[in-house]
Amino acid sequence: MTIVDLSVPITTGMPVYPGDPEVAVGPALTVERDGVNVLALHLGSHSGTHVDAPKHIDDALPALDEVPLERFCGPAAVVDVRSVGANAARQSTSPPEAKPSNTRWCSEPKTDVCRLTRAAW
Ligand SMILES: [Zn+2]
């Protein structure tokens, strides 16, 4: 099995979804002053590479810790919405509406395929 690391670095000032908290990363403790290096992080839960829990859109749906890890392993389709505005991307539930020319798709969307959204925020 090939494992692909999709993580993007978390950095101060990185793009965030419009209205989300800005990202700030800085030293909280240092080896020189405190004997250990510890970073302080300020960010929203949708910063950088992340998973949107079902509860993100409905309080009655499962939180992320209630979703089995197996759900995050397997085939995936990448939806590239970098050329689509944030509001249009949020409202799009149909993959072809957000499908620019460089999007890789399965032949047809399947419920057992993870949807990976590539955004500019
Ligand atoms: Zn999100």
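Computed from the coordinates by the stated procedures, all read-outs in this text should not be read as laboratory data. Every value quoted in this text rests on a predicted model; they were computed, and no experiment measured them. Note: ideal-geometry Cβ built from the backbone for every residue, glycine included; neighbour counts use all protein chains shown.
Rounded to the nearest 0.05, what FRET efficiency do ILE3 and SER83 have when you use their Cβ-Cβ distance and R0 = 22 Å?
0.20
Remark: the range 8-17, residue by residue, has Karplus-estimated 3J(HN,Hα) of 9, x, 8, 9, 4, x, 4, x, 10, 4 Hz, where x stands for each Gly or Pro and the curve is 6.51 cos²θ - 1.76 cosθ + 1.60 at θ = phi - 60°.
Rounded to whole numbers, the Karplus 3J(HN,Hα) couplings from phi for the range 27-34 are x, 9, 10, 10, 4, 4, 8, 10 Hz, using 6.51 cos²θ - 1.76 cosθ + 1.60 with θ = phi - 60°, and x at Gly and Pro. A crude spin-label estimate for the pair THR11 and LEU64, with each label 7 Å from Cα along the Cβ direction, gives 2.2 nm. For VAL79, nonlocal amide neighbours, meaning residues 5 or more places apart or on other chains whose placed amide H falls under 5 Å from its own, are LEU116, THR117, ARG118.
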